[in-house]
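Written below as structure tokens is the structure these notes are about.
The values are calculated or read from the model by the stated rules, or taken from the named source; none is laboratory data. Quantities reported herein were computed from a predicted structural model and do not represent experimental measurements. Cβ sites come from the backbone with ideal geometry, for glycine too, and all protein chains shown count toward neighbours. We work out accessible area using only protein heavy atoms, side chains counted, and drop any ligands, DNA or RNA first. Shrake-Rupley method; radii C 1.70, N 1.55, O 1.52, S 1.80 Å.
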Amino acid sequence: MKDSIFNNSKDVFLDSVNVQDYVQLDRVSTLYQSLKDSVKKPLKMILLYGKPGTGKSMFLTKLCHDLSSSQKIFLYDTPILDDGEFFKSLAHDLFDVKYNGELNFTQFMLIIKKNTLENGEVPLILLDEAQLYSITQMEKIRLLSDTRCVKFVITLHKTEKEDLIAKEHFQTRIWESIELENASNNELKIYIQKKLMKANCFDSANMFSQKPVNLIHKLTKGNYRDTNKLLYTFFDIYSWYFNNNPSAINTNIASLKIIEMSAIHTGLIDA
């Protein structure tokens with residue numbers, strides 16, 4: 001096994017959202033299909049929620065990728081917190097209207113009335129990290145959904161605060177809600193191995209038998225983001241040992257000691 005394999009394996013777990021990195025797991029694929037089915041329904045709004053690191057951003061990115069050829073769809077992966085800029089972006093994306101100067105909610109509603117999309121098509125706006133929008137902005141998004149001229153899929157972190165926002169402002173508008181959860185032990189093993197095999201890192205994938213996976217699951221609680229951070233550091237440490245003290249590592253099975261070292265380095269274990 002060459003050092004380049006460890007470096008390639010490390011890159012597999014970079015903290016990024018890329019549709020090519022989507023790993024198909026049975027439960028996750030079922031939820032994703034539910035999301036695609038919900039989009040086809042005459043709903044005003046769809047809520048995708050879960051704890052940070054459960055794959056909400058990946059779902060939106062994949063949905064945008066999969067539907068972009070068949071319908072008008074736009075992904076706002078970074079919240080636009082300024083009202084005027086938010087409505088300018090919507091005007092441009094939905095109706096190809098470039099607005100100079102300030103654009104408030106009332107003016108944007110007039111733009112909606114003047115512009116109708118062909119064939120009655122309802123465009124889809126994907127709003128990631130919606131918990132960062134102000135309550136006032138969320139209320140305007142709710143009112144926009146009431147026009148039925150645009151449909152929203154929004155993601156929220158699952159906390160008491162965000163649950164309250166959802167209940168207070170969208171209870172009668174969100175006709176579909178989908179919750180993403182952390183991976184189980186078996187799902188995490190499949191996730192790790194599939195990610196590595198997709199990058200042709202087969203030797204690295206074989207290192208993760210059930211015992212090291214159990215430890216990773218215990219440390220990350222099955223959270224995908226935490227797992228990615230842990231394994232990025234894990235392979236970084238393996239690469240260092242390979243170059244400086246190769247006899248100290250076992251390349252056939254993931255070292256529990258190095259998994260724990262990685263957990264300390266990423267803050268999953270308090271040192």
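Annotations for the structure displayed:
- Helical segments meeting 27 Å axial Cα length and Kyte-Doolittle -1.0 threshold in the chain (DSSP H): 224-244
- Exposure ranking of Arg27, Arg142, Arg148 by accessible area [1.4 Å probe, largest first]: Arg148, Arg27, Arg142
- Distance (nanometres) between label positions extended 7 Å along Cα→Cβ at Asn252 and Glu139: 6.6 nm
- Theoretical FRET efficiency, 1/(1+(r/R0)^6), r = Cβ-Cβ of Ile269 and Ser209, R0 22 Å, to 0.05: 0.55
- Val19 versus Thr147: modelled label distance in nm, points set 7 Å from Cα along the beta carbon direction: 2.7 nm
- The peptide list 221-233, 185-197, put in order of mean Cβ contacts within 10 Å with the highest first, becomes 221-233, 185-197.
- Per residue, the average separation of C-alpha pairs within less than 8 Å and at least 6 apart gives region 22-128 a relative contact order of 30 percent.
- Ligands, DNA and RNA excluded, the heavy atoms of Thr266 present near 50 Å² of accessible surface to a 1.4 Å solvent probe.
- Net length available on complete extension from Ser70 to Lys194 is 41.7 nm, with 0.36 nm assigned per residue and the Cα-Cα distance removed.
- Ligands, DNA and RNA left out, the accessible area of the chain computed with a 1.4 Å probe is 49% carbon and sulfur.
- For the peptides 240-246, 256-262, the ranking by mean Cβ contacts within 10 Å, running from highest to lowest, is 256-262, 240-246.
- Contact order normalised by residue count of region 177-225, Cα under 8 Å, 6+ apart, percent: 50 percent
- Surface per residue (accessible, 1.4 Å probe) for the chain, Å²: 51 Å²
- Structure-derived Kirkwood radius over Cα pairs in Å: which label, when the choices are [x] 19.8; [y] 18.8; [z] 20.6: [z]
- Rounded if a/c under 1.5, otherwise prolate or oblate - region 1-107, Cα gyration tensor axes: prolate
- Remark: the Trp175-Lys98 segment gains 24.5 nm on full extension, using 0.36 nm per residue and subtracting the alpha carbon distance.
- Here the gap between Lys114 and Phe202, fully extended at 0.36 nm per residue and compared with their Cα-Cα distance, gives a gain of 26.0 nm.
- Working from Cα pairs under 8 Å separated by at least six residues, relative contact order for the chain is 29 percent.
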